[in-house]
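FYI, it's all coordinate maths here, none of it is from the lab. This structure is a prediction, so every number in the text was calculated from the model and none was measured. Here Cβ is always computed from backbone atoms with ideal geometry, including for glycine, and neighbour counts include all displayed protein chains.
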Amino acid sequence: MQSLSKLIVAGVLLSSAFAYAADDARQTKVGDAQARVTTDWTYEKFKRAFAESGRKINVSETSFNEVQERKAAALKEIEVYLTERLGKIDPVVMRAFAEIPREYFHYHYADKYAFVNVAYEEKAKPWAIGYGSALSDYLGQAYMTQLAKPTSESVVLEIGTGSGFQISLLSRIVKKAYSIEIIEPLGNGVAKIFKPLHYDNVQTRVGDGYFGWPEVRDGFDIIMVTCAAQFVPPALFKQLKPGGRLVIPIGQPFKKGQVLYVYTKDQEGKIHSRKDVGVYFIPMTGAMEKEGT
């Protein structure tokens, strides 16, 4: 990811919640790419996908099955969490989360080992995946996904690929998903995990997310930043489409007081901002470090 690590501390969410004005039509407006569900996700398919991604795994079928049994409880916890904080569950987000095999993303890229057995842990928390990076907790990831309001027509940019889970989650909903990772060995490793799952609408690259992805000339309906920035990089505002949403944590590196902001751009190009909740993220690196000093 763009940050050295991405950690969403679910417990620091502010007590205020708001009603999420989701369009009911979104319950059925899901593209063909999102029609697949992982009801046929088996131990053999899991091992094959892992091997095709160039990663090694040593997980027994018993451990794999135990992980599957815990998934239902995690999904229920997400439902409760989103309802308490956003007033309503977006069924499209829940369907996407149910589809994705989170255990597939539990891998330490620096030390080259899988830690599948702690997927869907009872108390959601971030997990180290090497090179100073982390797989964020699943409650925070579900929260940010619903906050971004993705649709089947959205084109999304994520700043900070990390484990690849967040962009995969978005990809099950949106038309096209892009993600930038600044840590080269991590970005190169994670780039191989999408094809075995047939997540063909995901495109990643190694680079500095401060500058966005200007080659996508039409811009983005959603930009999600998974690291704390001291301010919004100007390129991200420029690449946000009219009517688009930018979700980004703003605050000082390694300090309390960071806040998740939601920026929107109206049809005239004017930017509007709203504070959402208190969070804690490891900082954005690269050009942000230089510009923010």
Among all the lysines, which ones have a C-alpha under 20 Å from K47's C-alpha, if same-chain residues fewer than 8 places away are not counted? K56, K71, K112, K192, K195
Whichever aspartates and glutamates have a C-alpha closer than 18 Å to that of K270, once near sequence neighbours (fewer than 8 apart) are set aside: D218, D221
Size of the dipole of the chain about the Cα centre, Lys and Arg at +1 and Asp and Glu at -1 on the beta carbon, nothing else charged, in debye to 20? 260
May I ask you to compute the full-extension gain from I271 to Y43, defined as 0.36 nm times their residue separation minus their alpha-carbon distance, rounded to one decimal in nm? 77.3 nm
Given the peptides 137-144, 229-236, arrange them by the average over their residues of other C-beta atoms within 10 Å, most packed first. 137-144, 229-236
Suppose we keep just the DSSP beta bridges with both residues in the range 10-291; what percent of those would be antiparallel, to 5? 45
Reduced to Cα centres, the span from the range 220-293 to the range 176-200 in Å works out to 22
Toy charge model, Lys and Arg Cβ at +1, Asp and Glu Cβ at -1: the range 79-231 dipole around Cα centroid in debye, rounded to 20, equals 160
Vicinal HN-Hα couplings computed from phi for the range 226-243 (Karplus, 6.51 cos²θ - 1.76 cosθ + 1.60; Hz; Gly/Pro x): 10, 8, 7, 9, 7, 7, 7, x, x, 4, 6, 4, 5, 8, 7, 6, x, x
Read phi for every residue in the range 143-160 and hand back ³J(HN,Hα) as whole Hz from Karplus 6.51 cos²θ - 1.76 cosθ + 1.60, θ = phi - 60°, with x for Gly and Pro. 4, 5, 5, 5, 4, 6, 6, x, 10, 5, 9, 6, 10, 10, 10, 10, 9, x
Per-residue Cβ neighbour rank within 10 angstrom, fewest leading, D266, D90: D266, D90
Which whole-number percent gives the relative contact order of the range 10-291, counting Cα pairs below 8 Å spaced six or more residues apart? 15
Between E121 and F237, what FRET efficiency follows from the Cβ-Cβ distance if R0 is 35 Å, with the result rounded to 0.05? 0.45
Inter-label distance for E52 and S152, nm, one decimal - labels placed 7 Å from Cα along Cα-to-Cβ: 2.4
Send over the Kirkwood Rh of the chain, from the inverse of the averaged 1/r over different Cα pairs, rounded to one decimal Å. 19.0
Is the range 177-293 rounded, prolate or oblate when judged by the Cα gyration tensor, a ≥ b ≥ c being the square roots of its eigenvalues, rounded requiring a/c under 1.5 and prolate requiring a/b larger than b/c? oblate
Specify whether the C-alpha gyration tensor of the range 59-176 places it in the rounded, prolate or oblate class, a ≥ b ≥ c being the square roots of the eigenvalues: rounded for a/c under 1.5, otherwise prolate if a/b is larger than b/c and oblate if not. oblate
Going Cα to Cα from K256, which lysines come in below 17 Å? Please leave out same-chain ones fewer than 8 positions away. K6, K275
Label-to-label distance, nm, for residues given as A72 and T264 (7 Å Cα→Cβ offset): 3.8
Inter-label distance for A287 and F211, nm, one decimal - labels placed 7 Å from Cα along Cα-to-Cβ: 0.6
In the chain, if the dipole is taken from +1 on Lys/Arg beta carbons and -1 on Asp/Glu beta carbons about the Cα centre, which of A177, Y263, T226 is farthest to the positive end? Y263
Peptides ranked, highest mean first, by Cβ atoms within 10 Å: ranges 166-177, 203-214, 41-52: 166-177, 203-214, 41-52
